[in-house]
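Taking it in order: structure first as structure tokens, then the write-up.
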Amino acid sequence: MFKKILIANRGEIAMRVIRTCKEMGIKTVAVYSTADAESLHVRFADEAVCIGPAPSSESYLKMSNIIAAAEITNADAIHPGYGFLSENAKFSKICEEHEIKFIGASPEMIDRMGDKASAKSTMIEAGVPCVPGSEGVIPDFKTCLKVAKETGYPVMLKASAGGGGKGMRAVWKEEDLQNAWESARQESKAAFGNDDMYMEKLIEEPRHIEIQIVGDSNGRACHLSERDCSVQRRHQKLTEETPSPFMTDELREKMGEAAVKASEYIKYEGAGTVEFLVDKHRNFYFMEMNTRIQVEHPITEQVVDYDLIREQILVAAGVPISGKNYIPQLHSIECRINAEDPYKDFRPSPGKITNLHLPGGHGVRVDTHVYSGYTIPPNYDSMIAKLITTAQTREEAINKMKRALDEFVVEGIKTTVPFHRQLMDHPDYVSGNYTTKFMEDFEMAELED
Ligand code: MV4
């Protein structure tokens, strides 16, 4: 087993990893930028190394500084958390070269799944359902026209290097195809330095349902059921839940089996997520595979009673998985509490938290790095806490969430707490009748004074 793990991240996920390491008797090293000197992960880790100034590019993304920090402190593994270097093939490779275990995917796996067209071809080979469309990358506009005709409108043009919805265009009729083709390619080139495009039939009003998987070094994989992440705004998830209100035992069985098949086909090692689009007829299609621990992993932990960070560490150390699949025994909901003003188009609201009270009680989990007096730097993402409630039923989990949101006090900055409180009363949320289109129509009710 590892003796010392360096956590190449900040915020709540750094805290999350440190907690499990402590429980496993593994020493921890925090790294931090000068903007994070007062952060809790710095204080909770056994050691801490400053790796640079506030901009991520000069600290949390600075591979040479992180490797140097690992070597100075004699860390034998690096946990990258999510974001930053967690899906960076070059960093995974550099760790290998320095004989530091990267607790994440191999460089080859990251490359294969990071390119969306190559991930999709791999999944077709594996026999995982995919949306009909082009066979791989489309070479030119003439082919694009032809493929669109064969696929049938509406179609979706997608950037192979894509992420966060960039370089993606829905097209309903042939006369709009050329503009979409050109603008999507431009956008992709600017964002990713690559303008490879592929095409799919447009799935209208889909749900985003993902399956958590864990694979081991023997090539075995198991799944831990689904998370419904359909409540998103501009490709940012706001809340997630498991089980999905749209799920049936039969669909879970099929999607779980497809996700395990996908993982075993590529001999995936570690914790991963297979994302699917699910249409109104409960057809499901492979969308992407994430080769990292995700923000929303706690809801899965709550309903299957399984520490995913511990499992990542065990698998990285070569311990085989049990091999059984896990079905939710409870219902769990996560609300992402962001330093944003939901009344002002979710505009970021960094600054000093002058007063803080976190909710608690039975079935309430708060994963956070903030405290009263903490100043949220403007340099990083705006999530300040994850509020997770767990209960026997969805209705009880919602009631618990309402109660916990009402207890949540954050002063000095604006947060998304009022948004979540209104969401928990929204008829389409309460009925479970929501798709990825939900936030397009959502409007905050006015403030009452
Ligand atoms: C789609 C789709 C409809 N049809 N593909 C958005 C992000 C990218 N990873 C894939 N996305 C989509 N792909 C086909 N063939 C609709 C989306 C989509 C979406 C997917 C999941 C969650 C939120 C979304 C919001 C808008 C569009």
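Every number here is computed from the coordinates shown, using simple stated rules; none is lab data. Everything numeric in this text was worked out from a predicted model, so none of it was measured. Cβ sites come from the backbone with ideal geometry, for glycine too, and all protein chains shown count toward neighbours.
What does the C-alpha gyration tensor say about the overall shape of segment 27-67? Classify as rounded when a/c is under 1.5, otherwise prolate if a/b is larger than b/c, or oblate.
Verdict is oblate for segment 27-67.
Show me the GluC sites (Glu not before Pro) within segment 367-449 that DSSP assigns to loop and that have at most 12 other Cβ atoms within 10 Å of their Cβ.
Counting only loop positions with at most 12 other Cβ atoms within 10 Å, the GluC sites (Glu not before Pro) in segment 367-449 are 443, 446, 448.
Mind checking the full-extension length gain between residue 381 and residue 170? Use 0.36 nm per residue of separation minus the Cα-Cα distance, one decimal, nm.
Full extension of this stretch gives 73.2 nm more.
Could you go through segment 86-101 in sequence order and give the Karplus-derived ³J(HN,Hα) for each residue, using 6.51 cos²θ - 1.76 cosθ + 1.60 with θ = phi - 60°, rounded to whole Hz, and x for Gly and Pro?
Result, ordered by residue: 5, 10, 9, 4, 5, 5, 4, 5, 4, 4, 3, 4, 9, 6, 10, 6 Hz.
Counting only C-alpha contacts under 8 Å and six or more residues apart, can you give the relative contact order of segment 344-444 as a whole percent?
It comes to 30 percent, rounded to a whole number.
What is the Cα centroid distance between segment 100-124 and segment 376-449, reported in whole angstrom?
Taking the Cα centre of segment 376-449 as reference, the centre of segment 100-124 is 33 Å away.
For segment 196-343, with the dipole built from +1 on Lys and Arg beta-carbon atoms and -1 on Asp and Glu ones, taken about the Cα centre, which of 323, 281, 211 lies farthest toward the positive end?
323
Quick one: grab the alpha carbon gyration tensor of the chain, order the square roots of its eigenvalues as a ≥ b ≥ c, and give me rounded if a/c is under 1.5, else prolate or oblate depending on whether a/b is larger than b/c.
Judged from the Cα gyration tensor, the chain comes out rounded (a/c under 1.5).
Mind putting a number on the dipole of the chain about its Cα centre? Charges go on the C-beta only, +1 for Lys and Arg and -1 for Asp and Glu, and I need it in Debye to the nearest 20.
Dipole of the chain, to the nearest 20 debye: 580 debye.
Shape call for segment 382-449 from the C-alpha gyration tensor, a ≥ b ≥ c root eigenvalues: rounded (a/c under 1.5), prolate (a/b greater than b/c) or oblate?
Taking the square roots of the gyration eigenvalues as a ≥ b ≥ c, segment 382-449 is oblate.
Going by how many other Cβ atoms sit within 10 Å of their own, how do 436, 389 line up, fewest first?
By the 10 Å Cβ count, ascending: 436, 389.
If you find the alpha carbon centre of segment 354-374 and of segment 54-91, how far apart are they in angstrom?
Each part's Cα centre sits 28 Å from the other's.
Kindly provide the trypsin sites (Lys or Arg not before Pro) of segment 112-191 that DSSP labels as loop, not H, G, I, E or B, and whose Cβ sees at most 16 other Cβ atoms within 10 Å.
166, 173
Arrange 227, 365 by Cβ neighbour counts within 10 Å, fewest through most, would you?
Final ranking by Cβ density, sparse to dense: 365, 227.
Using θ = phi - 60° and the Karplus form 6.51 cos²θ - 1.76 cosθ + 1.60, what ³J(HN,Hα) does each residue of segment 21-31 get, whole Hz, x for Gly and Pro?
Per-residue couplings from phi come out as 4, 4, 5, 8, x, 9, 6, 10, 10, 8, 10 Hz.
Roughly how big is segment 369-449's charge dipole about its Cα centre, with Cβ charges of +1 (Lys, Arg) and -1 (Asp, Glu), in debye to the nearest 20?
Computed charge dipole of segment 369-449: roughly 420 debye.
Grab the Cα-Cα distance for residue 329 and residue 141, subtract it from 0.36 nm times how many residues apart they are, and report the gain in nm with one decimal.
62.7 nm
Return a single number: how many Lys pairs in segment 335-449, at a sequence separation of 8 or more or on separate chains, have alpha-carbon atoms below 16 angstrom apart.
5
Give the aspartates and glutamates whose C-alpha is closer than 15 Å to that of residue 22, dropping any in the same chain fewer than 8 places away, or say none.
Filter leaves 46, 47, 307, 311.
Which order results if 181, 172 are arranged by neighbouring Cβ count within 10 Å, fewest first?
Final ranking by Cβ density, sparse to dense: 172, 181.
Percent relative contact order of segment 279-409, based on C-alpha pairs within less than 8 angstrom and at least six residues apart?
The normalised contact order for segment 279-409 reaches 26 percent.
Under the rule of -39500 (n - 2.57) per DSSP H run of 4 or more residues, summed and divided by the residues of the chain, what mean residue ellipticity at 222 nm is obtained, to the nearest 500 deg cm²/dmol?
-9500 deg cm²/dmol
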